[in-house]
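The values are calculated or read from the model by the stated rules, or taken from the named source; none is laboratory data. Please read all numbers here as calculations on a predicted model, not as lab measurements. Reconstructed Cβ throughout: ideal geometry from the backbone, glycine too, with neighbour counts over all protein chains shown. The protein model used for the area step is the full one, side chains on, heavy atoms only, and it has no ligands, DNA or RNA in it. Shrake-Rupley method; radii C 1.70, N 1.55, O 1.52, S 1.80 Å.
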Amino acid sequence: MINTKIYKAVYGLSEKLMAAANKNDQKAFDRLYDELKALCLEHQNSNKDHPEQWETLADFTEDVSDAVPIYQKALDKATAINSKDHMSSIGYSMAKLQIELNRTGEAIKNLQAAKISANKIEDKELKAEIDELLASSLIA
């Protein structure tokens, strides 16, 4: 379970990042992104480290090729604590970027793993999105 204080900080930063992005305020976005990254690095490999903070950092990473390794870090942490919800969502998000990078083999592997993890979660919408992307012509 994610530390409440860290969860609130990550959630607050993500809301501010979305607002900055919606306003096309790159300067504020970059400053907030750096704060989120610093938060992740501060708690890395501690008992407060959690996949959700890394997943959020990857979500806001603008360069697709930079985001994939951050998602991988989040996925490794989710796997270590056997968090099926995080394993499913991170695998799905990472696969979408891998498709964009024409790394379809890796995308299929991550989607298949996400589908297996999703068998144990309640989020029907995420399950449907995983199934849809697996069946799509993008990776066929």
Note: among K16, K48, K27, K5, just one is part of a helix (DSSP H, G or I), of a type in the set (D, E, K, R) and at pLDDT below 95, namely K5
Do you know which residues across segment 22-66 are exposed (fewer than 13 other Cβ atoms within 10 Å of the Cβ), over 16 Å from I90 (Cα atoms) and among the polar types (S, T, N, Q)?
-> N22, N24, Q26, N45, S46, N47
From (1) of a type in the set (S, T, Y); (2) at pLDDT 95 or above; (3) open to solvent by 20 Å² or more (accessible area, probe 1.4 Å), pick out the condition that doesn't hold for Y71.
-> (3)
